[in-house]
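Encoded as structure tokens, the structure appears first; notes follow it.
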Amino acid sequence: MPTKRNPSTSKYGAGAAKKVARAMREKKSGTLKSGRSGRKVTSRKQAIAIGLSEARKAGAKVPKNKAAKKSGAKRPTKKK
């Protein structure tokens, strides 16, 4: 029997869901632009990433970016 999840322990907050939904609507209508280049976003994953990024900036409940976690640890290079 599957257990019910407690809403207070959910990964994403309601504010994050709204930002992602807005980004997906903009992508579908063709008006969502990427940050620096300003090119039109066609990828579903990129639209979700933009929505989550905006939610983080707005202070919504969103887990930290995985890429940001990994960037600190680098492997040492081999010397010949």
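Only one of the numbered conditions (1) modelled with pLDDT of 90 or more; (2) surrounded by 15 or more Cβ atoms within 10 Å (Cβ to Cβ) is not met by residue 60, and that is (1). Residue pairs whose Cβ atoms lie under 9 Å apart, separated by 6 or more positions or on different chains, with the first residue in the range 42-70 and over 17 Å from residue 29 (Cβ atoms) and the second surrounded by 13 or more Cβ atoms within 10 Å (Cβ to Cβ) and at pLDDT below 85, are 49/65; 52/65; 53/65; 56/65. Checked against (1) modelled with pLDDT of 90 or more; (2) under 13 Å from the mean Cα position of the chain (by Cα), residue 30 passes all but a single condition, namely (2).
The values are calculated or read from the model by the stated rules, or taken from the named source; none is laboratory data. Bear in mind the structure is a predicted one, so any value in this text is a computation, not a measurement. Every residue, glycine as well, gets a Cβ built from its backbone with ideal geometry; the counts of neighbours run over all protein chains shown.
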